[in-house]
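Contents: one structure, followed by commentary.
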Amino acid sequence: MSSQRHENTDVPPLTESIAPGTATDPPIGSDEPSTLTVDGTTVTVSASATLIDAIEAVETEDTVPALCHYDRQDIGPRSECRTCMVETDEHGVVPACSFPATDGLEVETAADDAALARDVNLDLVLSDHNLRCTTCGKNGRCELQDAAIENEVEEPRYGVLDDRDAYEPMDDSSSFIQIDRNKCILCNRCVEACNDVQVEGVLRMEGQGQDTRIGFQSEAETMADSTCVSCGHCVTVCPTGALVEKGIEDATTIPLPGFTQKNSIGEAYEQSEQTDGPMTPKKRAEATNEHNDSERSSSHRTDGENDDGGSWP
Amino acid sequence: MIFPTSDEDVLVRISDRNPSRELLDGVAGADCTVVEVGSTGFPAVEPLVSVTRGERTTFHAQCSPEEIQEFVALADDSSRADTAAVVEHDPETTTFPAPELFGLDTGVRRVLGGCGWRRPTHPDDHEAAGGFASVASEAVASLARQLRGRGWGDWRHDQRLIDAWRPAMEADSAAVVVNAHGTTADTLLLSSVPFEVLEGANAAARAVGADRIVVYTADNDAALTVNEAAENYPNPCASVDVVGGPSEYRAAEPTMALEAIEGNHRIEARLRPPGPEVSGLHGDPTLVHTARTFAQLAVAVRDGFAESRLVTVTGDVAVPATVEVPESDTIETALDAVDIDGEFKAACVGGRFGGITTELDIDVAPDTLANADLGTEGTVRIITEDQCVVAFIGNKTQFAADENCGRCVPCREGTTQLANQLRAIYDGDYDSDGIEELVRVMDLSSICAFGKQAGRPTRTAMAAFESEFAAHADGRCPAGSCFDRNFAVS
Ligand code: SF4
Ligand code: SF4
Ligand code: SF4
Ligand code: FES
């Protein structure tokens, strides 16, 4: 795999038809630099900065994990993990990664509510995470692992995703990228890398509630069936072991005989055909205009104020 | 407005959401004028046929096609008190002259005044009621300084409108969104008095210099009605589009409404700040208020500022009803409009994620409700003695876990863990501190009001029904509905 675009994949990007499934967030920040204080230290940040820039510039009282924050290539802020909450004198508890820095604001990292929110939210992220670090290709270079260690998480309040029946099958279908959605924190970096940076329009956010997941705009079920060109950008930005480069998926696992990253889930979509190039069959088909749109169907529990439905417990 | 012209002239109004063809045919050929008016907010009495002759109107509830001809003929005969009520009124009244029957006289009728009386899409009816008068923008802005947004679909929910109007006033291009998604009251306004809503939106658009109005609803019939009214609107100051949205509950959230209007196939909340007042529809400063808010604005422009609240009572009642209650009156007032199916136990006050209370002697003013940890969404859901409160909030929590947009951790994962914590009670593990901690963090750190409010039913139910929670931890359901379903009825 290479992080270069492959020259032989001569498919024009179609920005108009890209549907990442995410909301159009407003632009954030002011036009001018601002000076504020973080835990009593005065700091000046540049125009369009958010509070996280100020926090990163000083020695803070408490650690601020800011798990989903990514400050390169115009990716983010997605501001979804809420492990960056801080207290401000003017606006109460706010997410540092996406809250605009303004003159005179006083930011406190150690305030009770903010510290509690960071702590609980980190545990909530872990509650939905397959924490099998020993067989993970990102062991030792995982941002979630780092955050958990730095925050001295001993026993997450809500446990970890440990129910094999609830695991999504591993997508091992592509020759270049392996997807383990059980390790995805839905930070959306890969979606933005694929759509906004590479303009490939392969990945999207889909679903709702617990079914929210990274999927494919082409409605494909597997990476091999998607329109991926294997540029690898999504893998580069992924903070966890959810997207790993094939070939090194077991590079950092603890060598236990018979136990690998791939079989750690139990079920996997296997690679079905050896592809000749970085283009998936779907992408090749699309290049020759054979791509068909399929309809999305959905069923939801609807309506404003009538029965919640369900049959508790 | 259409009025009877002489004492012999008979005017028949058929009030219903969707009057049947048969009912209209039933009166065909009679010597009278028949008009269709929208719902009164009381589906229990509809189709409601009112027969006006001079200063007297006779009302017939739940009128069938067979009965209507007879009712019209008997308009003078007030002896038929079983189905009819008679009201003497100013012959030119533009406000529904509510009879003292069926709970129809509950509360006041300012915003709801035209419901069941004026023809929804006829501008002359609205004009006769004082509508379409030209008002100075300063007067509108000054009302926006007092008026608060109604409902969670309003970007200024419970807050004064004006602060969210300033960026639009300074911008070259701005939009107004009428968010009528989700609540019965908003749908009622669009269907029965669309001109009140459109007039409020026009007044706001003129005051801030907005060039377009978008009416957003998930209700097809209401969309058709408001669309027709918009086409008949004399001299609108901005273009009006009616856009249908998906019916999911969350699609009423102001930024999700914008996403739906812009055509996104997947509906999730936008980040804030800044909110839609700075960057809204297609990036322009946008006013997002509910139909209730705009109708209040229109009526305040015309009749002066006097706050009232639309309250829909639903749940364990024979038929739900929507009434208008002055802010100085209590929730109890609204209950006069319904028949409770059983013995009152509690109410969920303030919409889907409202607060649970046994106490209804509380003003419907937003500050009073907030102090009692109740919601101002406008819907009061009645729970009767045979219902289990733990199961009630369990279902709400599971709904929240299934229906959130999936964007942020405190809501997406928090609602799921909260449902787990509530299920754990059934296994004897009632961790009230843990539940309170989680609900607090959901409220503190969720992106939008969905996640902030999703824990309120649990928080308030734990306070009001502590013993029921403890009983469940002991394997007992006081309402007899949770354990051993098969034996509960024996
Ligand atoms: S999904 Fe494929 S095309 Fe998109 S960023 Fe990842 S490797 Fe590149
Ligand atoms: S796959 Fe990785 S980059 Fe993509 S949303 Fe999940 S954690 Fe983030
Ligand atoms: S609070 Fe819930 S509905 Fe709102 S953005 Fe977060 S996940 Fe979505
Ligand atoms: S880093 Fe701010 S919400 Fe994730």
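The values are calculated or read from the model by the stated rules, or taken from the named source; none is laboratory data. These numbers come from a predicted model, not from an experiment. Neighbour counts are summed over all protein chains in view; Cβ atoms, including those assigned to glycine, are modelled from backbone coordinates with ideal geometry. All accessible areas refer to the heavy atoms of the entire protein, side chains included, with ligands and DNA or RNA removed. Shrake-Rupley method; radii C 1.70, N 1.55, O 1.52, S 1.80 Å.
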Fill in the blank from the handout: Output field shielding_mean for A:152-158 (other chain Cβ, 10 Å radius) holds 2
Handout entry: Estimated translational D of segment A:115-256 in µm²/s (Stokes, Kirkwood radius over Cα pairs; 37 °C; 0.692 mPa s)
Key = 209 µm²/s
Completion exercise
One computes Rg over Rh for segment B:356-400 from alpha-carbon atoms, with the Kirkwood Rh, and obtains 1.00
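Can you tell me what the convex hull of the Cα atoms of segment B:334-490 projects to on average, as an area in nm²? Could you put the intermediate results ahead of the total?
Numbers: hull surface 38.4 nm².
If I average the Cα hull's projected area over directions, I get 9.6 nm².
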Problem - Separation between Cα centres of segment B:445-484 and segment A:157-173, rounded to whole Å - result: 28 Å
Exercise for the section: Determine Rg/Rh for segment A:24-94; Rg is computed over alpha-carbon atoms and Rh is the Kirkwood hydrodynamic estimate from the same atoms. Expected result: 0.93
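If you wrap a convex hull around the Cα atoms of segment B:388-472, how much volume per residue is inside, in Å³?
On the way: hull volume 6.1 nm³, N = 85.
Output value, Cα hull per residue: 72 Å³.
How long are the semi-axes of the equivalent ellipsoid of segment B:117-236, taking √(5λ) for every eigenvalue λ of the Cα gyration tensor, in whole Å from largest down? Kindly include the intermediate steps, with their values, before the conclusion.
Values: eigenvalues 101, 60, 35 Å².
Equivalent ellipsoid semi-axes, largest first: 22, 17, 13 Å.
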Exercise for the section: Sort by residue number and report every cysteine in chain B with no other cysteine beta carbon within a distance under 4.7 Å. Expected result: B:Cys32, B:Cys63, B:Cys115, B:Cys237, B:Cys348, B:Cys388, B:Cys405, B:Cys408, B:Cys411, B:Cys448
Practice task
Give the Rg (one decimal place) followed by the Dmax (whole number) of segment A:98-139, computed from C-alpha coordinates and expressed in Å.
Solution key: 16.0, 47
Exercise for the section: With viscosity set to 1.002 mPa s and temperature to 20 °C, compute the Stokes-Einstein D of segment B:54-188, Rh being the Kirkwood radius across alpha carbon pairs; µm²/s, no decimals. Expected result: 115 µm²/s
Exercise for the section: Starting from the Cα coordinates of segment B:207-253, work out the convex hull volume and express it per residue in Å³. Expected result: 78 Å³
Fill in the blank from the handout: Projecting the Cα atoms of A:Gln145, A:Ser175, A:Asn130 onto the charge dipole of segment A:123-175, where Lys and Arg contribute +1 and Asp and Glu -1 at Cβ, the residue farthest towards the positive end is A:Ser175
Completion exercise
The correct pair for segment B:239-363, radius of gyration to one decimal and Dmax as a whole number, both in Å and from Cα atoms, is 17.9, 51
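Tell me, what does the Kirkwood hydrodynamic radius of chain B come to in angstroms if you use every pair of distinct C-alpha atoms? Walk me through the numbers on the way to the answer.
On the way: mean 1/r = 0.0423 Å⁻¹.
This gives a value of 23.7 Å.
Report the convex hull volume per residue for segment B:174-239, counting only C-alpha atoms, in Å³.
On the way: hull volume 4.7 nm³, N = 66.
That works out to 71 Å³ per residue.
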Practice task
Quickly rank B:423-430, B:113-120, A:169-176 as a protection proxy: mean count of other C-beta atoms within 10 Å, highest first.
Solution key: B:113-120, A:169-176, B:423-430
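Taking the Cα centre as origin and putting +1 on Lys and Arg beta-carbons and -1 on Asp and Glu beta-carbons, what dipole magnitude results for chain B, to the nearest 20 debye?
Roughly 1660 debye for chain B.
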Fill in the blank from the handout: Rounded to a whole number, the mean other protein chain Cβ count within 10 angstrom for residues of B:394-407 is 6
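Evaluate the charge dipole of the protein assembly as shown about its Cα centre and quote only its size in Debye, nearest 20, assuming +1 on the Cβ of each Lys and Arg and -1 on the Cβ of each Asp and Glu.
On the way: 60 positive and 141 negative charges, 223 e Å.
So the magnitude is around 1080 debye.
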Exercise for the section: List the residues of segment B:389-430 whose backbone N lies under 17 Å from a point placed 7 Å from the Cα of A:Ser311 along the Cα-to-Cβ direction. Expected result: B:391-392, B:394-396, B:398-399
Problem - Tail fraction, Cα-Cα pairs, segment A:70-181, threshold 26 Å, whole percent - result: 32 percent
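On the protein heavy atoms, probe 1.4 angstrom, tell me the percent of accessible surface of chain B carried by carbon and sulfur. Don't jump to the answer; show the numbers that get you there.
Numbers: 7460 of 16990 Å².
The value for chain B is 44 percent carbon and sulfur by accessible area.
Please work out the Kirkwood hydrodynamic radius for segment B:312-402, using every pair of different C-alpha atoms, and report it in angstroms with one decimal place.
Numbers: mean 1/r = 0.0759 Å⁻¹.
Evaluated over segment B:312-402, this radius sits at 13.2 Å.
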Completion exercise
Here the whole-number average of other chain Cβ atoms within 10 Å per Cβ of A:78-89 is 4
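So, with +1 on the Cβ of K and R and -1 on the Cβ of D and E, and no other charges, what is the size of the charge dipole of segment A:15-174 about its Cα centre, to the nearest 20 debye?
Details: 9 positive and 36 negative charges, 117 e Å.
So the magnitude is around 560 debye.
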Handout entry: Kirkwood hydrodynamic radius (C-alpha pairs) into Stokes-Einstein, the protein assembly as shown, 37 °C and 0.692 mPa s, D in µm²/s
Key = 114 µm²/s
